């Protein structure tokens, strides 16, 4: 463990912060460990004036980082779990899943008003079709405005683009130490989180055994179980940023997995909800997906992709 190890990450302030936190945890567990950082710009970072649903493609925020791993330029990488495609090169794997932070979404409003007290027709910014759908389901009167950019950019646009509020992931604000900016934590029942939201994926090469042994120090088995259920669900539905879809697993004290799932049309006119429960995360994720498919999710998903392709 004498040589410096290299971690690959995006250049955004949030990505660098969460990477530093992961490296700090590893260095605490392995005091002799030295880690250098390789900062990369992904395709998703370069395309900032178009909604994610219109960009299309998988691995928008991971491809360049995975290329660095495969080329041996980095030993491991830190990703936001919800950015990870359900399929990636067989030579790579998720070597560790650290403890998850709060998976919920939050509202930040200029006036300090919570979601249900925003004025009629309020302008709310988000780049997520899932969040837009949930907003429309809760408040059909709202004007949902596309909002791209890093977390600090989106907070700044709250003031500069005439928005009444924005919706972000709680975990990003918690990692950045910006809890005071949060107006309201949105309940899972009101706004179902994206699969993997609040969790990190530590990716490395499958044949890099020394790195895998090092990463064991930050693995959280409970988070791994929940993430496995959520990513299984997402893969079964072939979900991505072009589809308004949510899936969240919670592990109860008795070890049972309780899964909530949602899919709908981008305008919120049709929304399907499903639940599943069990002890096998793969079985639970598939059960939730199959229930939605049996109730017509395939047609909704196809329509959402067609609409995204026309825009």
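The values are calculated or read from the model by the stated rules, or taken from the named source; none is laboratory data. None of the values given here were measured: they were computed from a predicted structure. Reconstructed Cβ throughout: ideal geometry from the backbone, glycine too, with neighbour counts over all protein chains shown.
All of (1) in the same structural domain as residue 63 (by TED's automatic domain parsing); (2) in contact with a strand residue (DSSP E or B) (Cβ under 7 Å, 6 or more places away or on another chain) hold for residue 163 with one exception: (1). Inside region 159-187, residues that are without any contact (Cβ under 8 Å) to a residue 60 or more places away in the chain and closer than 23 Å to residue 46 by Cβ make up a count of 3.
Name the one entry in 110, 123, 130 that is assigned by TED's automatic domain parsing to the domain that holds residue 179 and modelled with pLDDT under 95.
Working: 110 fails: modelled with pLDDT under 95; 123 fails: modelled with pLDDT under 95.
Of 110, 123, 130, the one residue that is assigned by TED's automatic domain parsing to the domain that holds residue 179 and modelled with pLDDT under 95 is 130.
Between 9, 19, 42, 37, which is surrounded by 12 or more Cβ atoms within 10 Å (Cβ to Cβ), under 12 Å from residue 61 (Cβ atoms) and modelled with pLDDT of 95 or more?
9
Residues in region 76-94 that are surrounded by 23 or more Cβ atoms within 10 Å (Cβ to Cβ) and over 12 Å from the mean Cα position of the chain (by Cα): 76, 77, 78.
Of the residues that sit in region 157-189 and are modelled with pLDDT under 95 and crowded, with 17+ Cβ neighbours inside 10 Å, which one is nearest to residue 71 (Cα to Cα)? Across region 157-189, the extreme among qualifying residues is 157. Taken over region 120-176, the criterion of being under 21 Å from the mean Cα position of the chain (by Cα) and part of a loop (DSSP other than H, G, I, E, B) is satisfied by 127, 128, 147, 148, 149, 150.
A quick yes/no check of all residues on (1) without any contact (Cβ under 8 Å) to a residue 12 or more places away in the chain; (2) over 25 Å from residue 144 (Cβ atoms); (3) under 19 Å from the mean Cα position of the chain (by Cα); (4) not assigned by TED's automatic domain parsing to the domain that holds residue 137:
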| position | (1), (2), (3), (4) |
| --- | --- |
| 238 | no, no, yes, yes |
| 245 | no, no, yes, yes |
| 256 | no, yes, no, yes |
| 263 | no, no, yes, yes |
| 274 | no, no, no, yes |
| 297 | no, no, no, yes |
| 300 | no, no, no, yes |
| 303 | no, no, no, yes |
| 306 | yes, no, no, yes |
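Of the numbered criteria (1) closer than 25 Å to residue 59 by Cα; (2) crowded, with 20+ Cβ neighbours inside 10 Å, the one residue 257 fails is (1).
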